[in-house]
């Protein structure tokens, strides 16, 4: 099950109370104070894990609590600290307080750790109040309350390349041909109900991550179709590939399809329209010599100043040229050339 947004309640443990105690020893008629302090409550941390790709754990565990600290005891014995809780989240998860837009933490790599709610401090026992002028203190402290709150965890997939386009244009087929990902492929809209990630090996030393973003349609940013649910996953990609179906069987205009997707990107986040982009027209094996749609898209690509590729993902025609261009583009971005 793919879950990319959850609401969770996190509650750290309370600190233990301090103790009031006096030692009783033979030959010491007025024993001194020996009440220990309470233990600290457990804190809750979020830790990014390398092999996670969903927040599904929190769907079934929306409330998480850490243990409280034990109370102090006589003999200057400190109460045991509550055990800290470490909850794993996928790389790409952002943390917000409920009803607030400010991002408290953004997990960009594996192994990062973020303290979400801190456990309460243990209270002081009466031994800590003793002084030369106050030799029999009966003061003690209650443990501090641990922090708690409601938080929104939102997963935004991190990939180098994002495949975008209308449903059924061949995104899943393409990703299955150039990576080890095995998405469900069928000839009807919205086959892809969750984003698929694949690692593309260019050569022995180079690879990149590609994401197959579920199909966008007109009005996606308003909640139509599946787009609004997955548009956020496009935000972290470095390069966007417009995959466009130019076969004669869709009944749609490829040029209009490109315009529609661009408008959805702008409406969702204007910065996406300025992201590095490539146009790849797909299903050229079905044209049967009718090249008008390809020529129209090539003309559009020149007008927009975007690289253009004509491919057949199914037959793997032109696919390696596209992969090599993507690798080169990513290298240029890393070196600051683009």
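Only the coordinates and a few stated rules stand behind these numbers; no lab work does. Not measured: the values here are computed from a predicted model. Reconstructed Cβ throughout: ideal geometry from the backbone, glycine too, with neighbour counts over all protein chains shown.
FRET efficiency for the pair residue 321 and residue 273, taken as 1/(1 + (r/R0)^6) with r the Cβ-Cβ distance and R0 = 30 Å, rounds to 0.75. Computed from the C-beta positions of residue 59 and residue 328, the FRET efficiency with R₀ = 35 Å rounds to 0.30. Maximal additional length on extending the residue 112-residue 252 stretch stands at 45.8 nm, based on 0.36 nm per residue less the C-alpha distance. Placing pseudo-labels 7 Å out from each Cα toward the beta carbon at residue 263 and residue 204 gives an inter-label distance of 5.1 nm. At an R0 of 35 angstrom, the distance between the Cβ atoms of residue 130 and residue 86 translates into a FRET efficiency of 0.40. Here the chain carries DSSP beta bridges of which approximately 55% are antiparallel, counting only pairs with both residues inside. Every helix of 4 or more DSSP H residues in the chain counts as -39500 (n - 2.57), and over all residues that averages to -5500 deg cm²/dmol at 222 nm. Packing here is the average count of other Cβ atoms within 10 Å per residue, and on that basis the peptides 10-21, 48-59, highest first, run 10-21, 48-59. To the nearest 10 degrees, how steeply does helix 319-334 sit against the main Cα axis of the chain, on a 0 to 90 scale? Result, in degrees: 50. Taking every alpha-carbon pair under 8 Å whose residues sit at least 6 apart, the chain reaches a relative contact order of 15 percent. As a length-normalised measure over Cα pairs under 8 Å and 6 or more apart, the relative contact order of segment 5-155 settles at 38 percent. For volume of the Cα convex hull per residue in Å³, the candidate list reads (1) 178; (2) 196; (3) 157; the entry that matches the value derived from this model is (1). Specify the angular offset, from 0 to 90 degrees and rounded to the nearest 10, of the alpha carbon long axis of helix 254-268 from the longest principal axis of the alpha carbons in the chain. Approximately 20 degrees, to the nearest 10.
Report note on the peptides 257-263, 246-252, 285-291: ranked by the mean count of other C-beta atoms within 10 Å, highest first, their order is 257-263, 246-252, 285-291.
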